[in-house]
Amino acid sequence: MSHKEAAQAQSPDHVVIVGAGLAGLFCALKLAPRPVTVISAASLGEGASSVWAQGGIAAAVGEGDTPEAHARDTIAVGGGIVDEAVAHRLAGEAAERIDDLLSYGVPFDRDLEGRLAVGREAAHSARRIVHVQGDRAGKAIITALIETVRKTPSIKVIEGYSAEELLVANGAVTGLRLRSTANGEALALPARAVVLATGGVGHLYAVTTNPAESYGGGLAIAARAGAVIADPEFVQFHPTAVMIGKDPAPLATEALRGEGATLINGDGERFMLKIDPLAELAPRDIVARGVFAEIAAGRGAFLDATKAVGTAFAQKFPTVYESCLAGDIDAATQPIPIAPAAHYHMGGIAVDGRGRSSIAGLWAAGEVSSTGAHGANRLASNSLLEAVVYAARIADDIRRLHWQAPDPITPTAKVHSVAPERSLEARLRQTMSTHVGVIRDADGLAKAIRIFGEIKAGSESIALRNMATTALLITTSAYVREESRGAHFRSDFPKANPDLARRTMTTLSAALHVAADLVYTPSVAEVIGSLA
């Protein structure tokens, strides 16, 4: 994209969407025929966690199920800090959004009578997960949306550019600074309306199920521009990542446990039976800690579907089966080696019911946002639902607005970006897994904050700077929350504190104050301050 093309892309009613996963593409389609530019760091269909989603979308469309029951389950799992009004609205709009996806050509599974087939997953009180070919929901949904987007003349897609800075003046968005992932060319793109749909933070961790593009970049650029960030300490770890030496780790969908697969240790013991009455179908945070404990004790952890699924594995769960075969595991006849992996971020840019952030002209949807629907622990398969519900709301909100054309921005000279130094990036990711992972404590969190300062001191990479910014927000909020709640578990504060039954609202400035109190050398304190 040239500077001329960047300028021509803008018109008085134009919208820029950063991110081409489910939230970004769905929002673009719902905005049609209003002109929209979608910015994607990778080619469409690559680099988005949505593509890899196996479970499906939660929606009360089955016989006997209700949106009220769906909302109750969402609230029950969320650790006491779910915004109940948000949960009820989310569940109430699910069926309509499923209809939208059907209209875009998504081939959801159906039963013999032609009705939508629904499955059950952990902590759901009913079968309400809509799938595609068992475990291919994400890929099928994105494929269908891409095909529709390509046919929609009002949507312009620019691939191969990532957003590295949000430009703000007088508290309002004025544009974005983009950088080519191919040649390092930097561009300033004027915009009065920006929708961030950049995904989550999983790649900040050494073990994750997320693609490399999910490193918290969108959250970081919003925070550096002054946006309020909500609940960053709450990172969900999927308990059953397939451990075959791949980064990212393949995911063994929760639907397997919904079909009766069991969790066993190296001795063949079903260890979850002693931990929770729901055993394998307990909330993810409980299962993740159970798996973590078995691995830490040296017994190992495995997902055994040999009896529950057996010879039907390849047909029912082809994605998982193929992933396991790549690691020389025949899941139909062998237990699958597993470990918890960073999977989903309940925190993100704080948004209201319309998807608006605290910065005028900035909306956020999908995993980069925090709506209040998930609380401290996301209910299975609510993530794709939240993405489409809020993408639709944002589109509706933007359609109602009128704003002036963006001011021109002086083009940035072509320069080559500094790629994240691999050794520093690896150190950051390992630090997050070791000290800001499934189990945390004050000493480890404080150590992590100091390390992030040292990493920044040794790097000139903007991408690594953004990674460190998001890591700092997560870690300082985890340090301040002196209790265990949902996916956030402190071994030094193992119980929930009723006085802390509230959401976290923070800013980068607040996080830096916390960090400064934990850093004892002026040089590192100065470096941490430079993250702002």
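Would you check if Ala297 is farther than 28 Å from Val132 by Cβ, modelled with pLDDT under 95 and surrounded by fewer than 22 Cβ atoms within 10 Å (Cβ to Cβ)?
In short, yes.
Filter the stretch 118-159 down to residues that are under 18 Å from Ile98 (Cβ atoms), buried (at least 20 other Cβ atoms within 10 Å of the Cβ) and in contact with an Asp or Glu (Cβ under 7 Å, 6 or more places away or on another chain), then give me how many there are.
Result for the stretch 118-159: 6.
For residues that are β-branched (Val, Ile, Thr) and touching a helix residue (DSSP H, G or I) at 6+ places or on another chain (Cβ under 7 Å), scanning just the stretch 169-203, find the one that is most open to solvent (accessible area, probe 1.4 Å).
Filtering the stretch 169-203 for residues that are β-branched (Val, Ile, Thr) and touching a helix residue (DSSP H, G or I) at 6+ places or on another chain (Cβ under 7 Å), the one most open to solvent (accessible area, probe 1.4 Å) comes out as Thr198.
Going by what's in this entry, would Glu113 be described as in contact with a helix residue (DSSP H, G or I) (Cβ under 9 Å, 6 or more places away or on another chain), more than 25 Å from Ser214 (Cβ to Cβ), free of Cβ contacts under 8 Å to residues at least 24 places away in the same chain and open to solvent by 10 Å² or more (accessible area, probe 1.4 Å)?
Spelling it out, it is not the case that Glu113 is in contact with a helix residue (DSSP H, G or I) (Cβ under 9 Å, 6 or more places away or on another chain), more than 25 Å from Ser214 (Cβ to Cβ), free of Cβ contacts under 8 Å to residues at least 24 places away in the same chain and open to solvent by 10 Å² or more (accessible area, probe 1.4 Å).
Tell me which residues, restricted to the stretch 423-439, are under 14 Å from Ala339 (Cα atoms) and open to solvent by less than 20 Å² (accessible area, probe 1.4 Å).
Gly437, Val438
Please go through the stretch 457-468 and pick out each residue that is in a helix (DSSP H, G or I) and over 22 Å from Val480 (Cα atoms).
Of everything in the stretch 457-468, those that are in a helix (DSSP H, G or I) and over 22 Å from Val480 (Cα atoms) turn out to be Ala457, Ile462, Ala463, Leu464, Arg465.
Every residue in the stretch 51-78 that is among the charged types (D, E, K, R) and either under 22 Å from His238 (Cβ atoms) or assigned to a strand (DSSP E or B) (or both), please.
Answer for the stretch 51-78, where residues must be among the charged types (D, E, K, R) and either under 22 Å from His238 (Cβ atoms) or assigned to a strand (DSSP E or B) (or both): just Asp73.
Results for (1) open to solvent by 50 Å² or more (accessible area, probe 1.4 Å); (2) among the charged types (D, E, K, R); (3) modelled with pLDDT under 85; (4) more than 23 Å from Arg378 (Cβ to Cβ), shown as yes or no for each residue.
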| site | (1), (2), (3), (4) |
| --- | --- |
| Met467 | no, no, no, no |
| Arg481 | no, yes, no, no |
| Ser484 | no, no, no, no |
| Thr504 | no, no, no, no |
| Thr521 | yes, no, yes, yes |
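Report the residue count in the stretch 179-200 for those that are part of a loop (DSSP other than H, G, I, E, B) and either farther than 24 Å from Arg354 by Cβ or over 12 Å from the mean Cα position of the chain (by Cα) (or both).
8
How many residues, within the stretch 61-95, are more than 13 Å from Ala373 (Cα to Cα), of a type in the set (Gly, Ala, Ser) and open to solvent by 20 Å² or more (accessible area, probe 1.4 Å)?
Residues flagged as more than 13 Å from Ala373 (Cα to Cα), of a type in the set (Gly, Ala, Ser) and open to solvent by 20 Å² or more (accessible area, probe 1.4 Å) within the stretch 61-95 amount to 2.
For the stretch 349-372, how many residues meet the condition of being hydrophobic (A, V, I, L, M, F, W, C) and under 14 Å from Asp396 (Cα atoms)?
Here the count works out to 3.
Buried (at least 21 other Cβ atoms within 10 Å of the Cβ), in a loop (DSSP other than H, G, I, E, B) and among the polar types (S, T, N, Q): which single residue out of Thr240, Thr253 fits that description?
Thr253
Please go through the stretch 346-385 and give me each residue that is of a type in the set (D, E, K, R) and either crowded, with 24+ Cβ neighbours inside 10 Å or within 12 Å of the chain's Cα centre (by Cα) (or both), ordered by number.
Those that are of a type in the set (D, E, K, R) and either crowded, with 24+ Cβ neighbours inside 10 Å or within 12 Å of the chain's Cα centre (by Cα) (or both): Glu367, Arg378.
Do the conditions hold for Ala341, that is, is it crowded, with 22+ Cβ neighbours inside 10 Å, touching a residue at least 40 places away in the same chain (Cβ under 8 Å) and either among the polar types (S, T, N, Q) or out of contact with any Asp or Glu (no Cβ under 8 Å at 6 or more places or on another chain) (or both)?
yes
I'm told Pro35 meets every condition in (1) open to solvent by 30 Å² or more (accessible area, probe 1.4 Å); (2) touching a residue at least 24 places away in the same chain (Cβ under 8 Å); (3) within 25 Å of Ala230 (Cα to Cα) except one. Can you identify the failing condition by its number?
The single condition Pro35 does not satisfy is (3).
Would you mention how many residues in the stretch 430-457 are under 18 Å from Tyr215 (Cβ atoms) and of a type outside the set (A, V, I, L, M)?
Number of matching residues: 8.
Select from the stretch 269-288 the residues that are within 23 Å of Cys324 (Cα to Cα) and open to solvent by 50 Å² or more (accessible area, probe 1.4 Å) and list them in ascending order.
Glu269, Arg270
If a residue must be assigned to a helix (DSSP H, G or I), open to solvent by less than 30 Å² (accessible area, probe 1.4 Å) and under 26 Å from Asp285 (Cβ atoms), how many such residues does the stretch 440-456 contain?
8
Looking only at the stretch 318-332, filter to residues that are farther than 23 Å from Ile295 by Cβ and touching a Ser or Thr at 6+ places or on another chain (Cβ under 9 Å); which one of those is modelled with the lowest pLDDT?
Residue satisfying both the conditions and the ranking: Thr319.
Only one residue in Ala225, Ala206 is in contact with a Leu (Cβ under 6 Å, 6 or more places away or on another chain), within 26 Å of Leu512 (Cα to Cα) and open to solvent by 10 Å² or more (accessible area, probe 1.4 Å), so which one is that?
Step by step, each of Ala225, Ala206 is checked, and only Ala225 is in contact with a Leu (Cβ under 6 Å, 6 or more places away or on another chain), within 26 Å of Leu512 (Cα to Cα) and open to solvent by 10 Å² or more (accessible area, probe 1.4 Å).
Only one residue in Ile142, Ile158, Ile81, Ile98 is of a type outside the set (D, E, K, R), in contact (Cβ under 8 Å) with a residue 40 or more places away in the chain and in a loop (DSSP other than H, G, I, E, B). Which one?
Checking each option against the conditions leaves just Ile81.
Residues of the stretch 101-110 being buried (at least 20 other Cβ atoms within 10 Å of the Cβ) and assigned to a loop (DSSP other than H, G, I, E, B), which ones?
Val106, Phe108
Any residue at all in the stretch 203-211 that's within 14 Å of Ser162 (Cβ to Cβ), out of contact with any Pro (no Cβ under 7 Å at 6 or more places or on another chain) and at pLDDT below 95?
Within the stretch 203-211, not a single residue is within 14 Å of Ser162 (Cβ to Cβ), out of contact with any Pro (no Cβ under 7 Å at 6 or more places or on another chain) and at pLDDT below 95.
The values are calculated or read from the model by the stated rules, or taken from the named source; none is laboratory data. Everything quoted here is computed from the prediction, not taken from an experiment. All Cβ positions, even for glycine, are placed from backbone atoms using ideal geometry, and neighbour counts span all protein chains on display. Surface accessibility is based on the protein's heavy atoms, side chains included, excluding ligands, DNA and RNA. Shrake-Rupley method; radii C 1.70, N 1.55, O 1.52, S 1.80 Å.
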